[in-house]
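The next block holds one structure in the form of structure tokens; read it before the comments.
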Amino acid sequence: MNQLLDQLRPTLLDPRARDLAGTVQWWLLPGLEGDQPFPVAVLGEGPPLLLLHGFDSSFLEFRRLAPQLSDRFQLFIPDLFGFGFSPRPSGASYGPEPVLRHLDALLERLPPSSVGLIGASMGGAVAVELARRHPERIRQLLLLAPAGLSGRPMPLPPVLDRLGVWFLSRPGVRRGLCSQAFADPAASVGAPEEQIASLHLQVPGWADALAAFARSGGFAGCGEPLPDQPLHVIWGAQDRILRPRLKQAVLDLLKRPVETFESCGHLPHLDQPERVAERCREYLAGV
């Protein structure tokens, strides 16, 4: 996978994505299936901060936020197991538990001090699960339009899982989903964003791993009970992914206000990276 990422990096249209891809290290994480190295973007100086991307995405999702934080934090931005440019070992299991085991192993490689945690979309549910597993390591959480905190797992049966993956592989569908994630697609979405949204589909095993993850039911209902660590939530007023019903379910679960950014869609770290960085410095400064 490292060779593929090296080959693709010069083709990236967004210079911030090229820069972030240039910071990737390949870590061997003992105990994981396949005994292959996994990509982790590592940059900056300061207290450690772990950033987790969303469903069917990659570390490149943080291309606009990382430069805003690297002067204050040391950033660790992995691809979640089975996603992004991570290897897909043949015969491996794909679902919530393998994702968390990968992060368990990754935490062992981070500096021994307490770690700040940012989770975006599905990464928010992953962050909450990880914080419960490691109360001694994770100090504070910032969740960006978190998905999967409420509801229940809904595994896709065979055939439907493959149909769903085929659907997600269609170029027109990828472009549509990319546009839907931003508050103002006409102003924010162009060839660089569309390229990044689909680049990781070239990784061998993408379809098989995503179908297996769909059969697992994915991350859902992860917000209860909430972890004990301090937690702050941001979402966008123009979020077309998290519908009002889903937002209300999260509000009921949190029992606390969330912060809403105007002119912001489902990706606050892409629509409003400066404001998200400000909140990171405010809420995660003590890590």
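In region 45-94, the residue that is surrounded by the most Cβ atoms within 10 Å (Cβ to Cβ) out of those that are part of a loop (DSSP other than H, G, I, E, B) and aromatic (Phe, Trp, Tyr) is PHE81. Looking only at region 79-107, filter to residues that are among the charged types (D, E, K, R) and modelled with pLDDT of 95 or more; which one of those is nearest to LEU270 (Cα to Cα)? That would be ASP79.
Return yes when ALA147 is buried (at least 22 other Cβ atoms within 10 Å of the Cβ), modelled with pLDDT of 95 or more and in contact with a Cys (Cβ under 8 Å, 6 or more places away or on another chain) and no when it is not. For ALA147, the condition - buried (at least 22 other Cβ atoms within 10 Å of the Cβ), modelled with pLDDT of 95 or more and in contact with a Cys (Cβ under 8 Å, 6 or more places away or on another chain) - is not met. Is it the case that some residue within region 177-200 is buried (at least 17 other Cβ atoms within 10 Å of the Cβ), touching a strand residue (DSSP E or B) at 6+ places or on another chain (Cβ under 7 Å), in a helix (DSSP H, G or I) and not small (Gly, Ala, Ser)? No, that holds for no residue. Within region 119-142, if we keep just the residues that are touching a helix residue (DSSP H, G or I) at 6+ places or on another chain (Cβ under 7 Å) and crowded, with 24+ Cβ neighbours inside 10 Å, the residue that is nearest to HIS266 (Cα to Cα) turns out to be ALA120.
In the condition set (1) out of contact with any helix residue (DSSP H, G or I) (no Cβ under 7 Å at 6 or more places or on another chain); (2) outside any helix (DSSP H, G or I); (3) surrounded by fewer than 23 Cβ atoms within 10 Å (Cβ to Cβ), LEU156 is compliant with all but (1). Every condition in (1) at pLDDT below 95; (2) out of contact with any Leu (no Cβ under 7 Å at 6 or more places or on another chain) is met by PRO10 except one, and the failing one is (1). Scanning region 238-287 for residues that are β-branched (Val, Ile, Thr) and either part of a loop (DSSP other than H, G, I, E, B) or without any contact (Cβ under 8 Å) to a residue 60 or more places away in the chain (or both) yields ILE241, VAL258, THR260, VAL287. Residues in region 95-123 that are in contact (Cβ under 8 Å) with a residue 24 or more places away in the chain, over 17 Å from PRO227 (Cβ atoms) and assigned to a loop (DSSP other than H, G, I, E, B): GLY95, LEU110, PRO111, SER113, SER121. Scanning region 243-274 for residues that are under 20 Å from ASP14 (Cβ atoms) and surrounded by 14 or more Cβ atoms within 10 Å (Cβ to Cβ) yields CYS264, GLY265, HIS266, LEU267, PRO268, HIS269, LEU270, ASP271, GLN272, PRO273.
The values are calculated or read from the model by the stated rules, or taken from the named source; none is laboratory data. Nothing here was measured: the structure is a model prediction, and the numbers come from that model. Please note: Cβ atoms are built from the backbone with ideal geometry, for glycine as well, and neighbour counts cover all protein chains shown.
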